[in-house]
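Quick note: the coordinates plus some simple rules give every number you see, no bench work behind them. All values reported here derive from a predicted model rather than from experimental measurement. When we count neighbours, we look across all protein chains shown, and the Cβ atoms used for this are built from the backbone with ideal geometry, even at glycine.
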Amino acid sequence: MSKAKLGVAMFIVSEVNFFLLLIVAYAFYHAYPGAGPTAADSLDVPRTAAFSVLLFSSSATMWMAGRCYQREGQRGVAVWLILTILLGGAFLLGQIYEYIELYSHGVTFSRNMFGTTFFTLTGFHGIHVFVGLTAIAIVAWLVLLGEMKEKERHVQAFEAVSLYWHFVDAVWVVIFTLVYLWAFL
Amino acid sequence: MSQAVAPEAVAALPVAESHEGLLAWVTTVDHKKLGILYFISSFSFFVIGGIEALVMRVQLAAPGLHIVSPDMFNQLFTMHGTTMIFLVVVPMLLGFMTYLVPLMIGARDMAFPRLNAMSFWTQALGGILLYFSFAAGGAPNAGWFAYAPLSEHAYTSLLGVDYWAIGLAAIGIGTLAAGLNFIVTVITLRAPGMRMSQVPLFVWMSFINSWLILLAMPIINASIVLLVADRFLYSNIFNPSGGGSAMLWQHFFWGFGHPEVYIMILPAFGIISEIVPVFSRKPIYGYEFVAGSTLAIAFLSFTVWAHHMFAVGMGHYWDAVFAACTMLIAVPTGIKIFNWIATMWGGQLRLKTAMLFAIAFLVTFTIGGLTGVAFGVVPIDWQLTDTYFVVAHFHFTVFGGAAFAMFGGFYYWFPKMSGRMLSERIGRWQFWLTVIGFYLTFFVQHFLGMMGMPRRVFTYPDLPGWATLNLISTFGAFMLAAGVLLLVWNIYVSRLNGERAGDDPWDGWTLEWLTTSPPPEENFDRVPPIRGRRPLWDLKHPDRTDAVLDKAGL
Amino acid sequence: MLGIATLNPLSPQAHSISSLFVGILFFLFAIFLLVTSLITIIVLRFRERPDGGEPRPVFGSRVIEITWTAIPFLSLVIIFFFMVRTMHAADPPPGDRKPDIDIVGHQWWWEADYLQSGVMAANEIHIPVDTPILVQVDSADVIHDFWVPELARKVDAVPGHPNHLWLQADQPGEYLGACAEFCGQEHAWMRIKVIAQSKEDFDAWQRAQLSVPATPADGEAGQGAKLFVADTCVNCHTIVGTPGNQRIGPDLTHIASRTTLGAGAAENTQENLYRWLKDPDSIKPQSHMPNFQLSDADAHALTAYLETLK
């Protein structure tokens, strides 16, 4: 495994623990809720599910970009990367829209435990999505500038960013299940 | 005969511009310079943390004194604890790791040299941010573990706790990056032939330690995020009056806090594992068991956290579960002590200062470990937790353990880093002053705890014996400070006038002694093929390599 | 052992802990002795000699490793069983029994509500001797810890999470304790005194505590009684028989019957009471009692009044 990929893998291990703690906080207060809005009565699950599909698709497009790079070098790679960014960006926009709606209905950060833990957990995920999109954008830009020609050496950058992006998606699988689906348990 | 091999090149970087003087140090990505920077910053914080301790000990020298106000005292003990843990012990150990790990595995540098630099600077600047709080309305004063709801807005509204939180977050990110860096370095940059089962024990302990860092730091980062959210955004995660749980903070904090104490000791175990064999002239006894027990400790360290919470009221069932895990973790720690003793048995002991500190470590850390076992017995904890018995326990393990090991490490590796030997004469004075000062300061505190003195008190009632023991402790603290100053003096006089060290002043067996003192920027021209755990022994005794000796069934 | 509170048990609960503690101390000391003796022998016997030569390299022995893993492990298993037994003896489950006293930690004093009789005490807790008293331990603000080492384990007072404690004394007497969880500025002066009395004396004390003191009408004390209301003391303190019924500060109905002021910060004398009123920070710096900038005359009047509240 290349150093870059191993480095990102290690970073992911640490991030797993970070999210684990936020998940525990969410789960704890889901089990012992106070008064106020809950997941079940505040969240629009079908709509978020739709946006989630966009995010998961971006993992597929990212994978396609990697395959393109391995096989043909440069052509098509940039397209797949830009598609990934668009899909991921759409997800983020959907999340921002969701936040605005929740706030307009009085579900704010400090409203109650649900509010705090929901916004913290999904918010940090959103920050990770944003960071990932930035990294992918940088790779796409380098590809367009023709700076990623030495496949042997530069594939490391691809692998690292790719791994990170898949991780971000995997975290969303967990969060979506825990927050949106489990709300009805 | 021996085919030397050029070490693997670090990932291609443009050739660094060569800078002179201060700029060279500020812009360096060289692991050796960064290691020394870690030593300089952590030692500076050590002196500051030490002064905080001395002021507290003066306040406690007699009952009813008014040297400092209660609030200032609370800032002092909060800053002393936070400083010593996050800005002294961990970074000083990182200094040893940063300097030595690449050398010991025959590499040119760490896997990510620029990340390495980021780790150092984030830690140092995070420390400065933390200390800025003194000028910004007051340092944090809720204790180094900032229990909620005392640390929440309602009870601590000044910015001190916020500086604590954000300063620690910055420091934590740097440390996390360092852990990541060491893992990738040890996995990918070992000299050809060096299997994981053959790395020097210091490298192994650093490697395992890096996993602890990787897994524990995110826990405190997440906890701090939630606390800052409570304080700035008025949520109530840890605020019982708003429906939150004070106990949740404790679970979260100690989920980090317990692995953290192993982060503070594993590299020290590594230092001892290097010094004891070389100064006993025998290979380490039971390498596999010393290495394996480290792995056991690392796993178990994530299962014992709530032994800090036996008085909180979790119920006997959970108390007992955590007690069992705590007792379990004592076993692999004991195994190490026995192995080190067995290494010394039958040896030819060279009682240089480095070895003296290693021996002091063995006795002192054993005492600290044994009082730790006492705490694992729940009813005993019910009496002694939150008293001076705890203060004694953790100073025995952290100071008598990690600090003694690091003092030994300085005497052992200063020659490699500077090309000069530290004075053995001053070293012996430093040793005795430090050890006697230490025991005077902290041994009596076991009794104060048993007699009923709680911790974190700015003064105490004039009960029989309390004043005397506190006075002895204060006296010892000043003696200890004198000992530490002697080390500074030793470094100062030896740096330019000490006896020249040469490549291998101790007749060592690990790769750092193969190169010059100090090493050149690229560390090695060539490294020999690695066929055992003591590459230099094999090189110096080609007819009696470890493989040969081991096969002879010894 | 006298002078060492945790080894001077004066209740069945403390006794069970102390016995275990002594046993463990012997065990730990034995290990310490073993380790230190070995090291001493080694340092004396295996010092480098000029004619020493090279020591025989020994890489390890699986049998020895297993032995010195197994023996500590088994010892700890045995200790575990003794531990569980002691936990039960020192802290038996309350079952369905209702608490007798509700002790609430405040910054920085202990409120004690006697749930059956209705007595409200502060910092000094009277109990009848030789009787297991079930205490509920709560907090009104931050985490505190109730600890009287000669009588019982310590237990945290956690806001939102009531705990229980068994309080029992073998003999009549005064038992000293302290808050044992850092709780802010005056954590050091949140001391506890448990006073165990014979059944008769305890009942007499309760009756005295329940009596409503007459509010003096004239003299310095009478002036003080008026000031207690006029100077807003009632906003924090309760004195039964006056408009004051808050529990921000300790109940003062029988303040003159207590032995200390400020939860142990000073002896309860007339002089100290005057000093406290004039300048609380001189006795318990940074406590929540404000400095009312009382004139000497007013402070004397209030002192005189409080002194009547036996």
>> I want to check the label-to-label distance for B:Arg428 and C:Gln270. Put each point 7 Å from Cα in the C-beta direction and report it in nm to one decimal.
In response: 6.8 nm
> Mind checking which lysines have their C-alpha under 29 Å from B:Lys352, skipping anything on the same chain fewer than 8 residues away?
Replying inline: B:Lys32, B:Lys33, B:Lys282, B:Lys336, B:Lys416, B:Lys540
> Percentage of Cα-Cα pair distances in the stretch B:380-442 greater than 16 Å, rounded to whole percent?
Replying inline: 57 percent
> Considering the alpha-carbon set of the stretch B:407-554 alone, what are its Rg and its Dmax in angstrom?
Replying inline: 23.0, 69
>> Roughly how far apart, in whole Å, are the Cα centres of the stretch B:193-225 and the stretch B:112-169?
In response: 24 Å
>> Using a 7 Å offset from the Cα along the Cα-to-Cβ direction at both B:Leu463 and B:Phe299, what is the distance between the two label points in nm, to one decimal?
In response: 4.3 nm
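Stokes-Einstein at 37 °C, 0.692 mPa s, Kirkwood radius from Cα pairs: D for the stretch C:84-142 in µm² s⁻¹?
D = 257 µm²/s.
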> Can you give the Kirkwood hydrodynamic radius for the stretch B:121-199, in Å, rounded to one decimal and based on Cα pairs?
Replying inline: 14.8 Å
>> I need the phi-derived Karplus couplings for the stretch B:462-470: 6.51 cos²θ - 1.76 cosθ + 1.60, θ = phi - 60°, integer Hz, Gly and Pro marked x.
In response: 7, 8, x, x, 5, 5, 4, 5, 5
>> Can you return the lysines within cross-link range of A:Lys5? Criterion is Cα-Cα under 24 Å, with same-chain partners fewer than 8 residues away left out.
In response: A:Lys149, A:Lys151
>> Cut-off is 10 Å between beta-carbons; in what order do C:Phe82, B:Phe357 appear when sorted fewest neighbours first?
In response: C:Phe82, B:Phe357
> In square nanometres, what is the average projected area of the Cα convex hull of the stretch C:212-310?
Replying inline: 5.5 nm²
> Taking H as built 1.01 Å from N, whose amide H comes closer than 5 Å to the amide H of B:Arg533, not counting residues under 5 places away?
Replying inline: none
> So what are the stretch A:67-182's ellipsoid semi-axes, whole angstrom, largest first, if each one is the square root of 5 times an eigenvalue of the alpha-carbon gyration tensor?
Replying inline: 35, 13, 11
> What FRET efficiency would be calculated for the residue pair C:Asp231, A:Tyr103, taking the C-beta separation as r and a Förster radius of 56 Å, to the nearest 0.05?
Replying inline: 0.75
> At q = 0.16, 0.17, 0.19, 0.20 Å⁻¹, what base-10 log of I(q)/I(0) does the Debye formula yield for the stretch B:85-230 when every alpha carbon is treated as an equal point scatterer in vacuo?
Replying inline: -0.82, -0.89, -1.03, -1.11
> Could you put C:Ser295, B:Ser280 in order, starting from the residue whose Cβ has the fewest other Cβ atoms within 10 Å?
Replying inline: C:Ser295, B:Ser280
>> Under 20 °C and 1.002 mPa s, how fast does the stretch B:460-540 diffuse according to Stokes-Einstein, given a Kirkwood radius computed over C-alpha pairs? Answer in µm²/s, whole number.
In response: 125 µm²/s
> Using the C-alpha atoms of the stretch C:13-83, what convex hull volume per residue, in cubic angstrom, is computed?
Replying inline: 83 Å³
>> For the stretch C:85-218, take every pair of Cα atoms, bin their distances at 10 Å starting from 0, and report each bin as a whole percent.
In response: 12, 43, 33, 10, 2, 0, 0
> Which of the lysines could a cross-linker bridge to C:Lys310, judged by Cα under 20 Å and excluding same-chain residues fewer than eight apart?
Replying inline: C:Lys193, C:Lys226
> Could you state the per residue volume, in Å³, of the convex hull enclosing the Cα atoms of the protein assembly as shown?
Replying inline: 183 Å³
> Karplus couplings for the stretch B:346-356 from phi (6.51 cos²θ - 1.76 cosθ + 1.60, θ = phi - 60°), rounded to Hz, Gly and Pro as x?
Replying inline: x, x, 10, 5, 9, 8, 6, 4, 4, 6, 4
> Could you give the distance between the Cα centres of the stretch C:236-310 and the stretch B:347-369, to the whole Å?
Replying inline: 56 Å
> Under 5 Å between amide H atoms, partner at least 5 residues away or on a different chain: which partners does C:Ser139 have, H built in plane at 1.01 Å?
Replying inline: C:Gly105, C:Val158, C:Gly160, C:His161
> Under the Karplus relation 6.51 cos²θ - 1.76 cosθ + 1.60, θ = phi - 60°, what is the ordered set of whole-Hz ³J(HN,Hα) values for the stretch C:75-88, x standing for Gly and Pro?
Replying inline: 4, 5, 4, 4, 4, 4, 5, 4, 4, 4, 4, 5, 4, 5
> Relative to the first principal axis of the alpha-carbon coordinates of chain B, what is the inclination of helix B:287-300, with its axis defined by its Cα atoms, in degrees from 0 to 90 and to the nearest 10?
Replying inline: 30 degrees
>> Based on Cα coordinates alone, diagonalise the gyration tensor for the stretch C:169-221, multiply each eigenvalue by 5, take square roots, and list the semi-axes in whole Å, largest first.
In response: 29, 23, 8
> Expressed as cubic angstrom per residue, what is the convex hull volume of the alpha carbon set of the stretch A:1-94?
Replying inline: 119 Å³
>> Suppose we keep just the alpha-carbon trace of the stretch A:142-185; what are its Rg and Dmax in angstrom?
In response: 17.0, 52
> What FRET efficiency do you get for C:Glu48 and C:Ile248 if R0 is 51 Å and r is their Cβ-Cβ distance, rounded to the nearest 0.05?
Replying inline: 0.15
> Helix C:296-307 versus the longest principal axis of chain C: what is the Cα-based angle in degrees, 0 to 90, to the nearest 10?
Replying inline: 70 degrees
>> Check which residues have an amide H placed less than 5 Å from C:Leu261's amide H, if you skip close sequence neighbours.
In response: C:Ala266, C:Glu267, C:Asn268
>> P(r) for the stretch C:1-156, please, calculated from all Cα pair distances in 5 Å bins and given in %.
In response: 2, 7, 11, 13, 13, 11, 8, 7, 6, 6, 5, 4, 3, 2, 1, 0, 0
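Quick one: work out Rg over Rh on the C-alpha atoms of the stretch B:188-300, Rh as Kirkwood radius.
Result for the stretch B:188-300 is an Rg/Rh of 1.19.
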> About the Cα centre of chain C, what is the dipole size in debye to 20, counting +1 per Lys and Arg Cβ and -1 per Asp and Glu Cβ, all else neutral?
Replying inline: 1160 debye
> Using the 10 angstrom Cβ neighbour count as an exposure proxy, how do C:Leu38, B:Leu226 rank, fewest first?
Replying inline: C:Leu38, B:Leu226
> So what does the Cα-only Debye profile of chain B read at q = 0.09 Å⁻¹, as log10 I(q)/I(0), no solvent term?
Replying inline: -0.67
> What's the FRET efficiency of C:Arg56 with B:Asn497 using the Cβ-Cβ distance as r and R₀ = 30 Å, to the nearest 0.05?
Replying inline: 0.15
>> Give me the inter-chain shielding for B:212-218: mean count of other chain Cβ atoms within 10 Å, whole number please.
In response: 4
> So what is log10(I(q)/I(0)) for the stretch B:352-472 at q = 0.10, 0.12, 0.17, 0.20 1/Å, when the Debye sum runs over its Cα atoms only?
Replying inline: -0.38, -0.52, -0.85, -1.02
> How far apart, in nm, are the 7 Å Cα→Cβ label points at A:Trp182 and C:Thr259?
Replying inline: 5.4 nm
> To the nearest 10 degrees, how steeply does helix C:12-45 sit against the main Cα axis of chain C, on a 0 to 90 scale?
Replying inline: 40 degrees
